[in-house]
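Note sheet for the following structure.
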Amino acid sequence: MIFLSSLGLVAGTIAIPLLIWVCGCVYRLVKVLWSFQTAAAKIHNLPRHWLLGTLPKIKEIGYPNMLPYFVEEVKKHKLKTLIFWRGRFNPNVLVTHPKSVGEILRTTEPKNRSFQAIYNLIQPWVGEGLLVSSGRKWERNRKLLTPAFHCKALQPYQKVYNEAADILLSKFKKASCTGESFEVFDPVALCTLDVMLRCAFSFEDNIQEKGGLHPYVRAVKRMATLIVQRDLQPLNYINWIYALTKDGQEFKQHCDYVHTFADEIIEKRQHQLLSESDVNKKPHLDFLDILLAARDEDGVGFSRVDMRAEVDTFLFEGHDTTASGTSWAMYALAKYPDIQEKVYQEVRDVLGDRKDVEMPDLQKMTYTAMFIKEVFRMYTPVPIIGREVSKPLVIDGVELPVGMKIIISLFIMHHNPDVWENPEEFRSERFAEDKFSSRDPYSFVPFSAGPRNCIGQNFALNEEKVLVARIVNGFRLELDTDHEIVMVPELVMRSQNGIKVKVYPRA
């Protein structure tokens with residue numbers, strides 16, 4: 001009896017503090033959820049299911065129609081912000097106006113890494129690289145990697161852009177012999193991957209000459225689709241449940257492949273660095289050289305896991321977004337012949353009889369630059385980015401509590417009629433210096449802006465200018481009017497059925 005009484009006393013001693021702790025956790029959770037609900041009630045809410053939120057509405061209209069639906073809601077109600085619900089208790093603030101976007105991007109608010117967030121779903125792929133990391137780790141890594149994208153560091157890459165373009169254009173020439181249209185995203189993605197591997201990693205693999213689509217490009221495309229599909233299935237947010245599904249197992253297989261691919265790139269360079277003579281022969285340091293040699297104030301460099309995360313991040317972001325922008329540029333050139341002619345005439349005036357585009361040429365191609373910016377506005381390569389409120393933040397007159405999720409829809413803002421006159425019209429002249437300089441600086445941010453802007457945006461812009469100039473200088477493009485273009489906002493903007501054009505060599 002004494003033993004049982006002692007046991008009961010011990011159990012009671014443990015149970016009471018445990019009960020208090022559980023009650024405290026429940027109280028804090030309810031308080032947070034209530035703060036979310038209170039803030040969301042002050043903002044325009046999209047129609048939602050009582051339990052699943054806005055997701056059934058997205059399923060009803062079809063995922064490719066999601067952004068046009070949001071654009072129409074913004075236009076109809078003249079909105080700067082609205083609420084998209086991922087389930088009953090998870091409101092996401094969708095921001096669509098430069099005034100509100102600027103308030104967020106001027107801060108160092110972290111990427112949204114919560115349970116129901118796209119960055120959480122992509123993390124097994126790209127690790128804790130610059131895309132998803134935050135806080136002191138992000139600040140340290142950003143500082144260490146910035147020298148890799150200094151303007152002087154980019155100059156040697158011009159030769160690689162042109163060499164990769166030569167191979168791409170040889171493929172277009174073969175396709176032109178048939179007189180039929182062909183899908184452009186895949187060969188363009190191979191070209192931009194070739195550029196990234198050679199410029200950032202000095203990795204030669206002749207991937208454009210090999211038959212078929214490179215398995216890395218195939219893996220990236222498939223993982224992007226799987227992430228979007230998972231994002232619309234609430235039960236699959238739970239990692240162990242997703243791991244048991246067919247999609248989850250396929251996603252893991254692709255992750256394992258891209259990680260192995262990145263490891264091979266790192267290992268190859270580390271072996272090369274063991275030979276001092278090889279290092280001295282290099283005319284310049286590339287991204288991977290800087291990654292391997294970087295040390296912070298304490299003399300600490302990148303761990304092997306962190307190296308792979310940054311390589312995975314730059315392989316994906318460095319080729320896929322540029323492939324998207326270049327493919328949509330080809331579509332716009334084909335769709336608007338008068339604009340194509342203006343771009344072509346400027347390129348001819350700048351290059352004359354030369355084939356390659358040199359660094360000084362880029363500054364002279366002012367109309368081509370305006371055209372590319374309008375492509376970015378109309379077919380925004382990265383359609384959305386996310387943030388999470390780390391301290392109370394007032395947006396559009398509403399105070400958002402700590403933990404609130406924010407979706408910055410660059411595509412919707414770039415199509416907001418309160419920001420852009422006749423936004424569905426393609427007009428390169430919008431970006432003429434005298435017209436654009438008076439705009440809000442946050443009205444056009446295809447590479448994000450503020451402290452967390454894209455570190456490689458100048459690299460991407462230079463590459464895309466070269467590719468567009470070389471393509472339009474070598475070929476006249478025509479649209480395949482029988483092919484339907486349906487924009488799909490995955491991790492980058494794609495067309496559901498690809499982008500098809502016809503090309504004809506210029507005399």
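The values are calculated or read from the model by the stated rules, or taken from the named source; none is laboratory data. Bear in mind that the values here come from a model prediction, so they are computed numbers and not experimental data. Quick reminder, even Gly has a Cβ in these numbers, built from the backbone with ideal geometry, and neighbours come from all protein chains shown.
Values for this structure:
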{"item": "Identity of the residue in segment 490-499, in contact with a strand residue (DSSP E or B) (Cβ under 7 Å, 6 or more places away or on another chain) and surrounded by 22 or more Cβ atoms within 10 Å (Cβ to Cβ), that ends up farthest from residue 187 (Cα to Cα)", "result": "493"}
{"item": "Scope segment 328-356; condition under 15 Å from residue 370 (Cα atoms) and among the charged types (D, E, K, R); matching residues", "result": "338, 341, 342, 346"}
{"item": "In segment 340-370, residue surrounded by the most Cβ atoms within 10 Å (Cβ to Cβ) [restricted to those that are among the hydroxyl-bearing types (Ser, Thr, Tyr) and touching an Asp or Glu at 6+ places or on another chain (Cβ under 7 Å)]", "result": "368"}
{"item": "Given (1) part of a helix (DSSP H, G or I); (2) in contact with a helix residue (DSSP H, G or I) (Cβ under 9 Å, 6 or more places away or on another chain); (3) under 30 Å from residue 171 (Cα atoms), index of the condition residue 204 fails", "result": "(1)"}
{"item": "Failed item, numbered, when residue 436 is tested on (1) out of contact with any Asp or Glu (no Cβ under 7 Å at 6 or more places or on another chain); (2) surrounded by 19 or more Cβ atoms within 10 Å (Cβ to Cβ)", "result": "(2)"}
{"item": "Any hit, segment 290-301, residues being buried (at least 22 other Cβ atoms within 10 Å of the Cβ) and either at pLDDT 90 or above or of a type in the set (Val, Ile, Thr) (or both)", "result": "no"}
{"item": "Number of positions in segment 387-409 that are more than 16 Å from residue 111 (Cβ to Cβ) and among the charged types (D, E, K, R)", "result": "2"}
{"item": "Selected residue (criterion: surrounded by the fewest Cβ atoms within 10 Å (Cβ to Cβ)) from residues of segment 146-189 that are in a helix (DSSP H, G or I) and of a type in the set (D, E, K, R)", "result": "152"}
{"item": "Long-range neighbours under 9 Å by Cβ, at least six apart or interchain, first residue free of Cβ contacts under 8 Å to residues at least 24 places away in the same chain within segment 360-379, second surrounded by fewer than 24 Cβ atoms within 10 Å (Cβ to Cβ)", "result": "363/369; 364/346; 364/349; 364/350; 366/346; 366/432; 366/433"}
{"item": "Filter result (in a loop (DSSP other than H, G, I, E, B), among the β-branched types (Val, Ile, Thr) and surrounded by fewer than 16 Cβ atoms within 10 Å (Cβ to Cβ)) within segment 390-425", "result": "402"}
{"item": "Subset of segment 296-328 (residues that are charged (D, E, K, R) and touching a residue at least 40 places away in the same chain (Cβ under 8 Å))", "result": "296, 306, 308, 310, 312, 317, 320"}
{"item": "Scan of segment 92-131 for residues that are among the polar types (S, T, N, Q), closer than 26 Å to residue 242 by Cα and outside any loop (DSSP other than H, G, I, E, B), ordered by number", "result": "92, 120, 123"}
{"item": "Filtered residue count, segment 89-145, keeping only those that are of a type in the set (Val, Ile, Thr), at pLDDT below 90 and in contact with a Phe, Trp or Tyr (Cβ under 6 Å, 6 or more places away or on another chain)", "result": "1"}
{"item": "Pick from segment 223-257, criterion at pLDDT below 95 and either under 15 Å from residue 190 (Cα atoms) or not in a helix (DSSP H, G or I) (or both), ranking: farthest from the chain's Cα centre (by Cα)", "result": "238"}
{"item": "Qualifying residue in segment 171-194 (condition: touching a Cys at 6+ places or on another chain (Cβ under 8 Å) and among the small types (Gly, Ala, Ser))", "result": "no"}
{"item": "Residue, nearest to residue 57 (Cα to Cα), within segment 75-91, restricted to residues that are outside any strand (DSSP E or B) and touching a Pro at 6+ places or on another chain (Cβ under 8 Å)", "result": "87"}
{"item": "Pairs, first in contact (Cβ under 8 Å) with a residue 40 or more places away in the chain and under 18 Å from residue 307 (Cβ atoms) in segment 139-160, second hydroxyl-bearing (Ser, Thr, Tyr) and in a helix (DSSP H, G or I), C-beta under 6 Å, six or more apart", "result": "none"}
